[in-house]
Amino acid sequence: MSHSGYGCLMSVDRDQVLRSAAALLSRKSTATMDEVARAAGIGRATLHRHFAGRDALVRALEELGIQEFEAAIDAARLDEGCAEDALRRLVAGVEPGAGLLSFLVTENQLFEGDQVNEGWARLDARVAALFRRGQERGEFRIDLTPAWLTEALYGLVGTCAWAVQDGRVAAKDFQYMIVELLLGGARRRSVEK
C-alpha cells in the first residue's frame, strides 16, 4: 500500500462514516457491519476502530439523529404563530433525516431495558409542548394527550419515510401526507347540537 493511500485511510472522518451508515441503514435496517464498512468506503477493521460493534454504531447514530432532530425543532420555531403552521414547519424540517429517525425508533425498541437517551426525552417534551399549546389555543382536540400525539407524529414520519423509499408515496407529498393525516385526526371539530 502506498504511503498516500495509507494516509487517506487514516484520515477517515468519523462523521462521514456515520452519515454513510445512516444513509445505508435508513434504506436497509438489517445491514451488517461489513455492508456499513463497504458503504463508507472503508475496511471492516477501520470501522471497528471507530465503533466497537453494531450497538456502538447505533448509539453514535442516535446522537447524530438527536442533533439533527433538535436542529429541525429549533428551525421550526415551534413557539411562533399557530400550532398547525409550526407543525408543518417541523415536518418539513425533519424530512431530510426521516429515514434515520425511522431506523432509530425501530432500533430503540431493541434496547428497551437500557436507559433511554435523555436527548430523546428533551425532544419529546418540546414536541409535546407544541401539541399542548395547540390544545390550549383550541386548535387541537383535547381528548388525545400531547404525549400520544408526539408518538403518532414519530410513527407517521417513520412510516412515510419508508413509503417514499419504496415508491408508494411521492417524495414531494411527504409533508402533506403526514400533516393532513395527523391533523385530520387531531384537529378539534365544532360540535353541533
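Against the numbered list (1) among the small types (Gly, Ala, Ser); (2) touching a strand residue (DSSP E or B) at 6+ places or on another chain (Cβ under 7 Å); (3) surrounded by fewer than 19 Cβ atoms within 10 Å (Cβ to Cβ), GLY134 comes up short only at (3). When THR106 is tested against (1) over 16 Å from GLN175 (Cβ atoms); (2) touching a Gly at 6+ places or on another chain (Cβ under 9 Å); (3) modelled with pLDDT of 90 or more, only condition (3) is not met. Residues in region 11-45 that are farther than 15 Å from ALA60 by Cα and not in a helix (DSSP H, G or I): SER11, VAL12, LYS28, SER29, THR30, ALA31, THR32, GLY41, ILE42, GLY43. One residue alone among ARG54, ARG133 is farther than 30 Å from THR32 by Cβ and basic (Lys, Arg), and that residue is ARG133. For region 46-90, a residue qualifies if it is in a loop (DSSP other than H, G, I, E, B) and under 30 Å from ARG141 (Cα atoms), and the qualifying residues are ARG77, LEU78, ASP79, GLU80, GLY81, CYS82. For PHE174, indicate whether it is touching a Gly at 6+ places or on another chain (Cβ under 7 Å), buried (at least 17 other Cβ atoms within 10 Å of the Cβ) and at pLDDT 90 or above. Here the answer is no, as PHE174 does not meet what is asked.
Pairing residues of region 143-171 that are in contact (Cβ under 8 Å) with a residue 60 or more places away in the chain and within 19 Å of GLY185 (Cβ to Cβ) with residues that are hydrophobic (A, V, I, L, M, F, W, C) and open to solvent by 20 Å² or more (accessible area, probe 1.4 Å), at Cβ distances under 8 Å and at least 6 apart in sequence or on separate chains, gives VAL157/LEU101; GLY158/LEU101; GLY158/VAL105; CYS160/VAL169; CYS160/MET177.
For ALA83, indicate whether it is within 28 Å of VAL164 (Cα to Cα) and out of contact with any strand residue (DSSP E or B) (no Cβ under 7 Å at 6 or more places or on another chain). Considered against the rule, which asks whether it is within 28 Å of VAL164 (Cα to Cα) and out of contact with any strand residue (DSSP E or B) (no Cβ under 7 Å at 6 or more places or on another chain), ALA83 comes out as no. Among the residues making up region 51-83, those that are open to solvent by 10 Å² or more (accessible area, probe 1.4 Å), modelled with pLDDT of 95 or more and over 16 Å from the mean Cα position of the chain (by Cα) are ARG77, LEU78, ASP79, GLU80, GLY81, CYS82. Checking every residue in region 33-50 against the condition of being open to solvent by 50 Å² or more (accessible area, probe 1.4 Å), under 30 Å from PHE131 (Cα atoms), of a type outside the set (Asp, Glu) and modelled with pLDDT of 90 or more gives zero matches.
The values are calculated or read from the model by the stated rules, or taken from the named source; none is laboratory data. Note that the structure is a prediction, hence the values are computed from the model and not measured. Glycine also receives a Cβ, built like all others from the backbone with ideal geometry; neighbour counts cover every protein chain displayed. Ligands, DNA and RNA are stripped out before the accessible areas are found, and what is left, the full protein with its side chains, is counted by its heavy atoms. Shrake-Rupley method; radii C 1.70, N 1.55, O 1.52, S 1.80 Å.
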